[in-house]
1. Applying the selection to segment A:32-72, what residues are more than 19 Å from A:PRO11 (Cβ to Cβ), away from every other protein chain (no Cβ under 13 Å) and more than 60 Å from the chain's Cα centre (by Cα)?
2. Can you find a residue in segment A:778-787 that is farther than 30 Å from A:LEU379 by Cβ and of a type outside the set (Phe, Trp, Tyr)?
3. Could you please give the count of residues in segment B:41-62 that are more than 10 Å from chain A (Cβ to nearest Cβ) and in a helix (DSSP H, G or I)?
4. Can you find a residue that is touching a strand residue (DSSP E or B) at 6+ places or on another chain (Cβ under 9 Å), farther than 30 Å from A:LEU526 by Cβ and free of Cβ contacts under 8 Å to residues at least 24 places away in the same chain anywhere in segment A:614-623?
5. Every residue in segment A:58-94 that is over 20 Å from A:ALA405 (Cα atoms) and loosely packed, with under 13 Cβ neighbours inside 10 Å, please.
6. When A:GLY549 is evaluated against the numbered criteria (1) modelled with pLDDT of 80 or more; (2) farther than 30 Å from A:VAL406 by Cβ, which criterion, by number, is the only one it fails?
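The values are calculated or read from the model by the stated rules, or taken from the named source; none is laboratory data. All of these numbers come straight from a predicted model, not from anything done at the bench. FYI the Cβ positions are ideal-geometry reconstructions off the backbone, even for glycines, and counts take in every protein chain you see.
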Amino acid sequence: MESKKIKLPFPAFKLLKLFSYYNNEFDIVADSTDLYDITFKNAGKLKANLWLFRQVLLSMIHYFKFRIYWSIIMFRNYLKIAMRNIGRNKSYSFINITGLCLGIASCLLILAYVNFEFSFDKYHRNANRIYRFAASGTQYGDEYSVAGIPALASEYLSNNIPEIENITRFAKPRFDTYRYKDRQYRENGMLYADNSVFEIFDFKLIEGDPGKALEAPYTIVLTAETAVKYFGREDPVGKKIRCRESFDLTVTGIIKKVPVNSHLQFDGLISMETVKKVFMHRYESPNHFEFYTYLLMKEGYNIKTLESKLTGFFNEQFGDFLNPLGRKLGVLMQPLTSIHLRSNLLYDTPGNVNILYIYGLLTGAVFILLIASVNYVNLSTVRLSRRAKEIGMRKVLGAFKEQIAVQFFGESVFSVFIAFILSIVLVIIAFPHLQQLSGYNLNISFLKDPMLLFESFLILLFISFAASWYPSFFISGFKPVNTLKGVLAKGKRRSIVRNSLVVFQFLISISLIIVTLGVFNQIDFLKTKGFGFDKELLLYAPVYTDDMGFGSEKVDKWVSSIKGELHALTGVSNASFSVNIPGEFYYTLPFVPEGLPLEKSFKAIRYDVEDNFLNTLGINIISGRGFLKEFKNDRDHSFIINETAAKLCGWENPVGKKLKGEDGAQTWTVVGVAEDFNARSLHDEMDPIVFSNFPHFHYIVIRIKPENINNTLTQIKNVWDRFEPAHPFEYMFMDEKIDNLYNSEVKLERIVRVFTLLAVIISCLGIFGFISYITEQRTKEIGIRKTFGASAFNIVNIFVKNLAVWVIIANILAFPIGYYITNRWLENFAYRINVGWKIFILSGLTAFMLAMLTVVFQTVRAAAANPVDSLRDE
Amino acid sequence: MKSLTTFEETLLIAVYLIGENAYSVIIHQKILQMTGNDIVLGSLYNGLDQLSKKRYLKKKKSEPVSEKGGKSKMYYSVSTEGINALEETRRLRNSLWNEMPDVFYKES
């Protein structure tokens, strides 16, 4: 043994040292060397190595068994302690977990909704190769973008642009009636479409041949739902549907219901060839920018070069027609998947959402989550301070700082996990209500959305770390000597951290209250402000006089006869016609006061109206006269302008002055000036308006008397049916229409309100827990104060004062933030409220009162307690 | 007094037989020689530890030895309690076997 020194192979040596429990006392490495030596001499190298290998392996197995065994023991201990603590401080745990649960749940709900918004159109196989061809351009100096292009453009495109694999077009028919036998319905959800729609998009035909279902004219493909509506249990394929009593459409296929997350929504597709038969002028006109054109690109396309190429083509094709009108055209290639969130063009597909709105929601979600986390951190730090003795004990018994940190971290993660599970339950319960809030029929299930599951996992991770890190490291740093004595390091710094967290929560809550109040007041203002005319008891409906020929005798006759009938009804006080109604967009045209150069032109909305339109709306003529039947010249030679237009012209006395169009072709005489009214919405200033008496009407406007409204409506409908049997009478009330202009604001208000409510609740929960901790810590102080004669009021006062300062600081900080956000939003409106001191006072008071109520509620109990109980153990 | 386990018994007997100079490696070798079992060092240490705690073995540290890198060896010897325990175990075992019928041998 002494003669030859054999060393153990290096890794074995290391491993043995690492994994041997007995190395200190017995020196297993040295012993192993000896034994290895002996075996080497007796049995040779191979045997010795084998033996050594076995030793190392066994020691490793043993080591790990040992480690795992003890970790389980410790883990069981930790778990038990955690459960006991949750059980012991029921109210704390409840507040803590509830706050977090609310935060996570609302965040998850918002994410579910946002995910859904982002999922639009992504389910198409070719989604990343499909673009919508939209036109951008200028007209009379106005920049605008239109979602559609003329129908003929795509015929040229498919022949001349090699990068394009396929093209399909959609166009929207008017509201029309469709009838099968005695079942007649009005359909708003039909679209004209090329047959290639089935090759480009993933709209699946259940029945019918996708190759030629929409090839022939007068063919229609219905969704299953619509088909059932008309045909019941009959087989729809091959049957004929009569459209507006003038032509038949043959059903050639049945299509699956369009998924909710498609920006193209329809109940049926009519072949594009039908348009050629029925509306040839629409199809051929280079002026009808109403065909939504979708291009399927070949692989390897370059969208930038294509865009410039197409711009060239566009102007070349339509230049002759457009340039004299002062129009210039550009091309906008919109990726299919971005249309829903990023496209907001003229005549766009309905239902698009502004992505800023989505980002706003996400920000809200993040803030709620932050408040909830802050709450959690604050409460658990406070709560852990009560366990100082336990920590001191553990440290004395040999726990390392890291072990304590890990223990409390784990405990915290455990609570977070409980909150998470509860919030998922909450989400599943609340999911149906999300549909109301979002306005979609979300047929998604929370558990089936892998993206959402992934995100919720991320949230869990984030919250676990964000909310558990500070408390566990805060607590593990205690010195055992102090903690065992029951003295905690009550440094000023710690209380500042806690108090600033309270300030932060209230800062967000108060800002949110300010924004809610601002939005609420503005909406109220919008609804009561009105448009400058009486919007009550005014109804309107689309008319179809253009089909009778533009400005023809027939129109005149029709208009005067239906008007005569309507005026004969007792319930109708006035009826008239117009090309446009307030609240609807209508394009502007340039006008030049006579004698001024072209550059001095201004743009105004032109209303082609029937004689007593202004009368019907209740708009007064300030000077001059209204249109009169007797003046036959009015039709082509007279304008009435509104005050704003008169101001733009710079005329003191406009009556008798002359206006020209920018092309200078015709001169019109101003015969009257009308009062201003809002033509679009209160988002915008008063527009200059020029009224003409030209018979070009899209709407009938009827003012009715307040008595017997239902009866009047039936009578009007009867009159309508006699004069216009092909079209249903689709009336709406003007006040509803105007209120509907603010739908998105109302929706916003609803969501902001929910956010605010949550933020306030969570913040109050935070204060509640915080104060109950402080009162508990100061039980003895309260007892002593009471024995010395302090009243309950005095004691409550101490705490109120303490917290009031912080809430007031939060108020002061929140005012500018809330003011800024609210004002930024209000900039959308030409007519807006002032964010006045009332809103600040109200929001500040609300937050302050809620905070103080919480404090009082919690401290009164402590203050009312008998001092004998709290001082007994001294 | 509790009776010893077989392993403890073996260990005690091995230490006793070696007499002086009984330290871990030698004990290991002795057991290997006596029983043919190549026991793991860890369990050997564990056994020695347990027996020392029960006072059946006495420990004695040697002077630091150069071949162990300056560490001292731990020498073991059987204490009086150890001897008593061995005897008790043997007695118990004998009495147990005495109860067994002779047929046992014949049938097996």
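1. Scanning segment A:32-72 gives a single hit, A:GLY44.
2. Yes, that holds for at least one residue.
3. 5
4. No, segment A:614-623 contains no residue that is touching a strand residue (DSSP E or B) at 6+ places or on another chain (Cβ under 9 Å), farther than 30 Å from A:LEU526 by Cβ and free of Cβ contacts under 8 Å to residues at least 24 places away in the same chain.
5. If the condition is that a residue be over 20 Å from A:ALA405 (Cα atoms) and loosely packed, with under 13 Cβ neighbours inside 10 Å, then A:ILE61, A:PHE64, A:LYS65, A:PHE66, A:TYR69, A:GLY87, A:ARG88, A:LYS90, A:SER91 are the ones that fit.
6. So A:GLY549 meets the others, but not (1).
This table checks each residue for (1) farther than 30 Å from A:PHE118 by Cβ; (2) touching a strand residue (DSSP E or B) at 6+ places or on another chain (Cβ under 8 Å).
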position: A:TYR180; (1), (2): yes, yes
position: A:TYR192; (1), (2): no, yes
position: A:THR226; (1), (2): no, yes
position: A:HIS263; (1), (2): no, no
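Residues checked against (1) buried (at least 18 other Cβ atoms within 10 Å of the Cβ); (2) under 29 Å from the mean Cα position of the chain (by Cα):
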position: A:ARG132; (1), (2): yes, yes
position: A:ALA135; (1), (2): yes, yes
position: A:GLY148; (1), (2): yes, yes
position: A:ALA151; (1), (2): yes, no
position: A:TYR156; (1), (2): no, no
position: A:GLU163; (1), (2): no, no
position: A:ILE167; (1), (2): yes, no
position: A:ASP176; (1), (2): yes, no
position: A:TYR180; (1), (2): yes, no
